[in-house]
Amino acid sequence: MELIILSGRSGSGKSTALHQLEDEGYYAIDNLPISLLPELVKELSHSSLKVHQQVAVCIDARNSRAELARFQALCDKVKKHATLRIVFLDAGDDKLIKRFSETRRRHPLTTDSLPLADAIKLETALLEPIVIEASLAIDTSDMTVHELRAAIRDRILGADASKLAVQLKSFGFKRGLPIDADLVYDLRMLPNPHWHEGLRVLTGQDSEVQEYLSKQEDVRLMYNDILQYLQHWLPKIETSNRSYFTIAIGCTGGQHRSVYMTETLAKALRNSYPDLQVRHRELQR
């Protein structure tokens, strides 16, 4: 039996993700009391129905603090009956506040004495035990509904559970660090095509920018250092029972250097990780 536990802060897209898993054939259960999880999994693992062999359960902060604190222990019980993957969705605080404001939905933890911003902070603390155990984090800050559904298909359903699913992501520091990054590289000290008028409007996917950066000694040194590190350590990460790993590569604006480096590293790593995924956060805006 395969079990996916889906969690995340309110407004991060849990319902969309759960609906996508349901559309893909998973037996989906929303807002399950966490204390019932071990017995549910035990019961379904003995079921003869095919639909019960792939289960997705959504767990949120409406559980008690005491029950959420027991999350690791409950997962240990679940692992006796099922192959477990834990997926945590999240977005920046400003994005969550904006989503609640736009939809006029009420945050489940808000009260007359607890405003939205404070409810979000409380929820962050309550869900920390799940964050710690999560095998995959997905940053939905800049995703549309369709992009989130695609991310669920690609990152969860498209990944071989027995292999490390690697994602390379370029980003711009001026818009903040990606929430879902496991490893971050900073390229802001490298020569910047932005200061060359003919390259400013282009991106790291354009041949002119690629030619310029490939001729820079510091860029070549940085590429070799990062590649050697990843080639050495990714296999060790894979043997530590990690299912997913996101490498974030950042420059100032996320348009030139980080995009070029991400694309170049992807070409070198795809022989070892053929399902490697590439995402350019700022170019997708």
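The values are calculated or read from the model by the stated rules, or taken from the named source; none is laboratory data. Predicted model, so just to flag it, every value in this text is computed and none were measured. Please note: Cβ atoms are built from the backbone with ideal geometry, for glycine as well, and neighbour counts cover all protein chains shown. Accessible surface areas use protein heavy atoms only, side chains included; no ligands, DNA or RNA. Shrake-Rupley method; radii C 1.70, N 1.55, O 1.52, S 1.80 Å.
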Matching residues, segment 67-92, being open to solvent by 70 Å² or more (accessible area, probe 1.4 Å) and not β-branched (Val, Ile, Thr): 69, 70, 72, 76, 77, 79, 80
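Kindly provide the set of residues from segment 21-73 that are among the small types (Gly, Ala, Ser) and in a helix (DSSP H, G or I), ordered by number. Full working, then the answer.
Step one: filter segment 21-73 for residues among the small types (Gly, Ala, Ser), giving 25, 28, 35, 45, 47-48, 56, 61, 64, 66, 69, 73.
Answer for segment 21-73, where residues must be among the small types (Gly, Ala, Ser) and in a helix (DSSP H, G or I): 35, 45, 66, 69, 73.
Please determine whether any residue of segment 55-62 is surrounded by 16 or more Cβ atoms within 10 Å (Cβ to Cβ), in the same structural domain as residue 17 (by the TED database), among the acidic types (Asp, Glu) and touching a Gly at 6+ places or on another chain (Cβ under 9 Å). Can you show your working first?
Kept after step one, since they are surrounded by 16 or more Cβ atoms within 10 Å (Cβ to Cβ), are these residues of segment 55-62: 55-61.
Adding the requirement that they be in the same structural domain as residue 17 (by the TED database) leaves 55-61.
Keeping just the survivors that are among the acidic types (Asp, Glu) gives 60.
If we keep only those that are touching a Gly at 6+ places or on another chain (Cβ under 9 Å) as well, we get 60.
Within segment 55-62, one or more residues are surrounded by 16 or more Cβ atoms within 10 Å (Cβ to Cβ), in the same structural domain as residue 17 (by the TED database), among the acidic types (Asp, Glu) and touching a Gly at 6+ places or on another chain (Cβ under 9 Å).
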Of everything in segment 31-54, what is in contact with a strand residue (DSSP E or B) (Cβ under 8 Å, 6 or more places away or on another chain) and loosely packed, with under 13 Cβ neighbours inside 10 Å? Give them in sequence order. 51
Within segment 78-101, is even one residue touching a Phe, Trp or Tyr at 6+ places or on another chain (Cβ under 9 Å) and part of a loop (DSSP other than H, G, I, E, B)? no
